[in-house]
Structure formats: structure tokens, C-alpha cells
Ligand SMILES: [Mn+2]
């Protein structure tokens, strides 16, 4: 019931969030050219937040610079993606740079170079590990998604439209795994009911964002399952288990896929009956491995943090240097610790 309890916000917290929303809007109002960027390998929440913000900013008569090197095909349904900035970045100095869903300055993806050139910087996020790296930080760690935080700003400004509501819905659906994970709170549903009032195509958005996979993603899932290993979860009794899977670049080459084709793989691993923690590891470079943790009840944010990453209590990630076995050992050690061994 964690999601529910964290949403029973005190009056003081509600006031603080309202003040932050108002401050964000004041800052946006004063800027003209506004750069919008998400984290590297942008997910559905990052893309949706940037697209919703781009539509909102355009609606205010300002110039949004929607910064992605490319928006993955699976997010084609998100309105606002047509505003993608395709010009060169040299010589561009925005009045304001807003980083979305980005828990760490070093994780800003495409367009990161503009962060230091911008007159002012803002950080809108929901990662508990976010250190607040911008001039102005609006971080609500109790929110389901960055889109949920952004909703507060756009709603306060009276800027909601059907397109913006669709983009925000897409981000919420993505980050809550369709209202199922425990980041989902009462406020998530309250906001969603407001979004539905705009007549958004919610079935279609859900299908595209959650349920539709490319052939390559299916092969990615197959590989993740094939390589998976199940261990008894230390510190837990009975049938509780930990599941992990390690994929090398060689594995990907043989399957004809890339690291972009593992969307949802770690969540799928956690769906094993009895599994309390899942680890998905893939090779990102010769000596570089990306580790994703998902758990049902352990705090994997600390596990990822101990390896230089971060994230949420039930979903976190990091990157480590070393070979395949070293990466696996580091991940397992951190996971065992998270399980309270
Ligand atoms: Mn997010």
C-alpha cells in the first residue's frame, strides 16, 4: 500500500508542490527559447514529458527546442514528437534548459551541451536519487512519473489540451506499467481522470506504449529468458527467488538485435512466480555493462547507488566497468545486500 500512503499528502506538502508548480510557470513565462531534453536512451516518460512540454511551450507562443537524437518508433503515438528539433546545436544558447526525468546531470542525453550554455536551467523529475543539479529543481519523489509532476505545472497554467493530455497519459502509463506498480498513487488516478476528460485515445496509447513489440524486441525477450538463471533469494524463506540474465554484444549480434531491443525484459523476468528481485545485464561497450534491477519488496535504489547509479526503490539501474562475470558478481552482491542478507 506504499503508493497509497505516500499520496495521502499533508497540507504542507501539497502547498509546497503548488508553489513549485507556480515557480516553474513563472520561469517558463520569462524565457523565449526553451530547450527540452530527457535522459540518455529516453524511455516513455522522458519522451512524453518533453513532448508535452514542447506543445505547452509552443502554445505559449515561445520556441521549444525538443532535443532527441531520435524518438524511438514505439513512441510514435505521442503528440508533440513532430516538434523534434532537427537543426544544429552549435551557436544555440537557450534562455532556459529543462531536463526531464533525468536523475543526474551526466545522464542528460542528446543536447546536454546546451545545459551549460543556457541562461537558466530547470530540472523536473521524480527520481528520489536526483541531487537537484539545476538552478531550479522541481523533484517530487512521490510522483509516479515525471509526466505526473509536469501535469501540475501545465494544469496550473491552464495549458492542458487533448494533445498534451495524451502525451502526459502516455508517460504515466509507461512509468506505472499501466497503473500496476507501486509508484501508482491516488493522485496518479486523480490526474488520469482529468486527462480522460479531454477525450484522449487511451486504449490506443496503452496498446502502443505497453503492449506492442517489434520482432526484434520479441527476440530480445527470448534471449533474456534463454540466458536467465534463477537462485534462491538469500535471506528469504520458501520459494522466494532471484532471477538474473546477462547478455553480451556477441549474443545480440547472433540474435540480430541491439541493446535498444530489451525494453520490458527486466520486468518480464520479475514476472517469474516466486521471484522477488530481477536483474538484467547487457553489454553496452567492450568493458561496459548496464545493470537494471527490479524488485517486489527490496530497495534496489540503494543497490544501484552502491554501483554508481540510481533510480527508484523498486526499479533502478547503473553501469559498471569490467567483464561479464565481474558485472554479474557486482550486481548479485548489491542485490543480496538489498535483500537484507
Ligand atoms: Mn520516469
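The values are calculated or read from the model by the stated rules, or taken from the named source; none is laboratory data. Bear in mind the structure is a predicted one, so any value in this text is a computation, not a measurement. Don't worry about glycine lacking a Cβ; one is built from the backbone with ideal geometry, like all the others, and counts go over all protein chains shown.
Quick notes
- Within segment 290-303, considering residues that are under 19 Å from the mean Cα position of the chain (by Cα) and free of Cβ contacts under 8 Å to residues at least 40 places away in the same chain, the one surrounded by the fewest Cβ atoms within 10 Å (Cβ to Cβ): 296
- Residue check, residue 284 modelled with pLDDT of 95 or more, in a helix (DSSP H, G or I) and outside the structural domain of residue 128 (by TED's automatic domain parsing): no
- Residue in segment 249-263 that is more than 23 Å from residue 326 (Cβ to Cβ), assigned to a helix (DSSP H, G or I), modelled with pLDDT under 95 and not assigned by TED's automatic domain parsing to the domain that holds residue 167 present: yes
- Hey, residue 144 touching a helix residue (DSSP H, G or I) at 6+ places or on another chain (Cβ under 6 Å), within 30 Å of residue 298 (Cβ to Cβ) and within 13 Å of the ligand (Cβ to nearest atom) or not: yes
- Picking from residues in segment 303-331 that are out of contact with any strand residue (DSSP E or B) (no Cβ under 7 Å at 6 or more places or on another chain) and in a helix (DSSP H, G or I), the one that is nearest to residue 127 (Cα to Cα) is 305.
- Residue match in segment 231-246 (condition: exposed (fewer than 15 other Cβ atoms within 10 Å of the Cβ), modelled with pLDDT of 95 or more and outside any strand (DSSP E or B)): no
- Checklist (1) out of contact with any strand residue (DSSP E or B) (no Cβ under 9 Å at 6 or more places or on another chain); (2) farther than 22 Å from residue 107 by Cβ; (3) free of Cβ contacts under 8 Å to residues at least 60 places away in the same chain applied to residue 228, failing item: (1)
- The residues of segment 152-176 that are within 16 Å of the ligand (Cβ to nearest atom) and under 16 Å from residue 16 (Cβ atoms), listed by number, are 152, 153.
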